[in-house]
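Encoded as structure tokens, the structure appears first; notes follow it.
The values are calculated or read from the model by the stated rules, or taken from the named source; none is laboratory data. Keep in mind the model is a prediction, meaning the values are calculated, not measured. Here the Cβ positions follow ideal geometry from the backbone for every residue, glycine too, while neighbour counts run over all protein chains shown. For accessibility, only protein heavy atoms count, side chains too; no ligands or nucleic acids. Shrake-Rupley method; radii C 1.70, N 1.55, O 1.52, S 1.80 Å.
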Amino acid sequence: VADANGIGDVFVLDRDNGQVKLVSTAAGNPGQARGGQKPALSGDGTRVAFASVTPGSGKLDILVRNLGTSAVTQLSSLLGGNAATADLSAPSLSDDGNALAFVASGASLLAADGDAVADVYQLDLRTRALVLASAEAAAACRNPKLARSGVAVAFECGGTPVPSQAAS
């Protein structure tokens, strides 16, 4: 696969047919490489999510590509509001690709997020229901990992226990 844009990109190998496909392309323009990092592949192999720098703003965004249709969902556009001013990174997908966990920093995506530190969110891509997973964390959070079913998300927070989960 030719990669002449000079930036890191995301590829997917289909082991059934041996083909390698460049997937970090611009939404609406599959021929224009956009660059990408930190890919997450759904367990069923139908979707890949990755972080990519948004042209013009320099902000990290998450793109989710349907590998069957090549359709691309840009997370900041899907969420609207403050998502355009946040850095969105570290995607994790459920097995069926319908649940996405990610980190948002630099802006609050929900009113329940009252601090300026990085938080972990979980999004249902079908219903657009967004949950602040790290609501009770007092420190920056990172590295979300969704359960295969998408019903739970594990994540780390910098040295401070989540109050409702702290040992007594």
Of residues in the stretch 109-127 being part of a loop (DSSP other than H, G, I, E, B) and hydrophobic (A, V, I, L, M, F, W, C), the one surrounded by the fewest Cβ atoms within 10 Å (Cβ to Cβ): Ala111
Matching residues in the stretch 128-146 (touching a strand residue (DSSP E or B) at 6+ places or on another chain (Cβ under 9 Å) and either of a type in the set (Ser, Thr, Tyr) or open to solvent by 60 Å² or more (accessible area, probe 1.4 Å) (or both)) number 6
Within the stretch 147-157, does at least one residue satisfy the condition of being of a type in the set (Ser, Thr, Tyr) and out of contact with any strand residue (DSSP E or B) (no Cβ under 7 Å at 6 or more places or on another chain)? yes
Filter the stretch 70-80 for residues that are of a type outside the set (A, V, I, L, M, F, W, C) and surrounded by fewer than 15 Cβ atoms within 10 Å (Cβ to Cβ); the one that is nearest to Ala112 (Cα to Cα) is Gly80
What is the residue count in the stretch 128-148 for residues that are of a type in the set (D, E, K, R) and outside any loop (DSSP other than H, G, I, E, B)? 2
Qualifying positions in the stretch 46-68 - in contact with an Asp or Glu (Cβ under 8 Å, 6 or more places away or on another chain) and of a type in the set (Gly, Ala, Ser): Ala51, Ser52
Every residue from the stretch 43-64 that is open to solvent by 10 Å² or more (accessible area, probe 1.4 Å), out of contact with any helix residue (DSSP H, G or I) (no Cβ under 8 Å at 6 or more places or on another chain) and without any contact (Cβ under 8 Å) to a residue 60 or more places away in the chain: Asp44, Gly45, Thr46, Arg47, Val53, Pro55, Gly56, Gly58, Leu60
Condition set of a type in the set (A, V, I, L, M) and over 13 Å from the mean Cα position of the chain (by Cα), scope the stretch 41-93, selection modelled with the lowest pLDDT: answer is Ala84
From the list Ala83, Ala101, which residue is in a helix (DSSP H, G or I) and open to solvent by less than 20 Å² (accessible area, probe 1.4 Å)? Ala83
Tell me yes or no: at least one residue of the stretch 120-127 is under 24 Å from Ser42 (Cα atoms) and free of Cβ contacts under 8 Å to residues at least 12 places away in the same chain. yes
Search result, residues across the stretch 88-122 that are under 20 Å from Arg65 (Cβ atoms) and of a type in the set (D, E, K, R): Asp95, Asp96
